[in-house]
Amino acid sequence: MSQAQHHAQLIDGKAAAAALLETVRQDVAALRASGVIPTLAVVLVGDDPASHVYVRNKVLRASEVGIRSLEHRLPADTGQHALLKLIATLNADAGVNGILVQMPLPAQIDEGAVIDAIDPHKDVDGFHRENVGRLVLGEPALTPCTPSGCLFLLKQTLGDLSGKHAVVIGRSNIVGKPMAALLLHANCSVTVLHSRSVGARELCRQADIVVAAVGRAQMIDASWIKPGATVIDVGINRIQAGDKTRLVGDAEFDSVARVAGAMTPVPGGVGPMTIAFLMKNTVLAAKRQSQHDL
Ligand code: NAD
């Protein structure tokens, strides 16, 4: 096949998420049959429109799989003390299995202090330092949803990842760093690139697997990609196209698709997997708290 005709296999995150959610739905049914109602508390502070959309989608997905959700909407001027008090109440409530505090929080609240306050067993986002430590040590943990979703898609596409060279672009606490840890545990050789990296494009071009989590629209074009590589695009960026806005990833889709072996689209790639893993983590938390087998 000539270069011009080549098109990467599309990794369908929507379909993978639907299949995963079906297994979650069955797990929820089994838990309910044994008297446990998996319950997710969702806390939203303020009126950020994007956060409202995310919370609505999470609550909707929860109800589809039979997870009960409890919404706590607090005004934008909520103080840190009041939020920490609510978290303490949710921690102590045996009927709550998972606690999700939608980020970002208003400026007067210290996000780190809020994450620290959540019971690690209920930390379905996997952001608490105990879960981060466990992840790095390779011990059972609640792991962050987005990188967990990326790993699932990679395993589904490539099978065993042992020995593959994975390049993660971005080093945030919610995507880049946990992604690197998960790939290391999957026996990849891992390179993490970031804003201070020198020669990023050349390093990336050596990768069998590229996970892009930068937040820069279409930064990665074909010149970053080794022919046949698998590309997971985490980026969600809004760009202006005429008088409409359009969602694009960190990869320039058409260009990368001509050289990659497989890649995720945006939207319809990593996004649906993130919510699916939030549901999976909620069920995992409920099972562990009720001491059912994993
Ligand atoms: P972030 O801003 O916290 O981190 C971005 C990282 O990119 C930083 O570590 C920085 O070092 C690195 N970076 C910046 N410029 C760079 C450059 N020129 N070259 C290499 N690295 C560079 O972002 P984040 O929270 O990790 O999110 C990244 C993207 O993923 C965003 O577009 C975000 O919207 C998206 N995201 C998607 C999902 C999802 O569900 N699909 C979930 C979380 C984040």
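The values are calculated or read from the model by the stated rules, or taken from the named source; none is laboratory data. In this text, all values refer to a predicted model and were calculated from it rather than measured experimentally. Note that we place each Cβ from the backbone using ideal geometry, even for glycine, and neighbour counts take in every protein chain shown. Note: accessible area is taken over every heavy atom of the protein model, side chains too, but ligands, DNA and RNA are not part of it. Shrake-Rupley method; radii C 1.70, N 1.55, O 1.52, S 1.80 Å.
Residue pairs whose Cβ atoms lie under 6 Å apart, sitting 6 or more positions apart in sequence or on different chains, and linking a residue in the range 94-121 that is under 17 Å from Ile67 (Cα atoms) to a partner that is surrounded by fewer than 19 Cβ atoms within 10 Å (Cβ to Cβ), are Asn97/Gln289. Among the residues of the range 124-133, are any basic (Lys, Arg), at pLDDT 95 or above and either buried (at least 17 other Cβ atoms within 10 Å of the Cβ) or assigned by TED's automatic domain parsing to the domain that holds Asp250 (or both)? The answer is no; no qualifying residue exists. Among the conditions (1) touching a Lys or Arg at 6+ places or on another chain (Cβ under 7 Å); (2) closer than 20 Å to Ile209 by Cα; (3) open to solvent by 60 Å² or more (accessible area, probe 1.4 Å), Gly268 misses just one, which is (3).
Taking the condition within 16 Å of the ligand (Cβ to nearest atom) and either modelled with pLDDT of 95 or more or in the same structural domain as Arg205 (by TED's automatic domain parsing) (or both), does Leu151 pass? When the stated conditions are applied, Leu151 passes them.
Is the range 252-259 home to any residue that is at pLDDT 95 or above and within 9 Å of the ligand (Cβ to nearest atom)? No, every residue in the range 252-259 fails to be at pLDDT 95 or above and within 9 Å of the ligand (Cβ to nearest atom). Here is the figure for the range 13-56: residues that are in a loop (DSSP other than H, G, I, E, B) and open to solvent by less than 80 Å² (accessible area, probe 1.4 Å) total 7. The number of residues in the range 70-81 that are within 12 Å of Gln108 (Cβ to Cβ) and loosely packed, with under 14 Cβ neighbours inside 10 Å comes to 5. Confirm whether Arg246 is of a type in the set (D, E, K, R), near the ligand (Cβ under 10 Å from one of its atoms) and either modelled with pLDDT under 95 or surrounded by fewer than 24 Cβ atoms within 10 Å (Cβ to Cβ) (or both). No; evaluated as a whole, the condition is false for this residue.
Residues of the range 241-281 that are assigned to a loop (DSSP other than H, G, I, E, B), touching a residue at least 60 places away in the same chain (Cβ under 8 Å) and more than 18 Å from the chain's Cα centre (by Cα): Arg258, Val259, Ala260, Gly261.
Within the range 61-74, residues that are in contact (Cβ under 8 Å) with a residue 40 or more places away in the chain and farther than 12 Å from Arg32 by Cα have Cβ atoms under 6 Å from residues that are in a strand (DSSP E or B) and open to solvent by less than 80 Å² (accessible area, probe 1.4 Å) in these pairs: Ala62/Leu40; Ala62/Ser69, counting only partners at least 6 apart in sequence or on another chain. Of all the listed residues (Leu60, Leu40, Leu44), the sole one being in contact with a Gly (Cβ under 6 Å, 6 or more places away or on another chain), farther than 24 Å from Met263 by Cβ and not hydroxyl-bearing (Ser, Thr, Tyr) is Leu40. Of the strands (runs of 3 or more DSSP E) lying entirely inside the range 134-235, those containing at least 3 residues that are free of Cβ contacts under 8 Å to residues at least 40 places away in the same chain and either open to solvent by 20 Å² or more (accessible area, probe 1.4 Å) or among the hydrophobic types (A, V, I, L, M, F, W, C) (or both) are 189-193.
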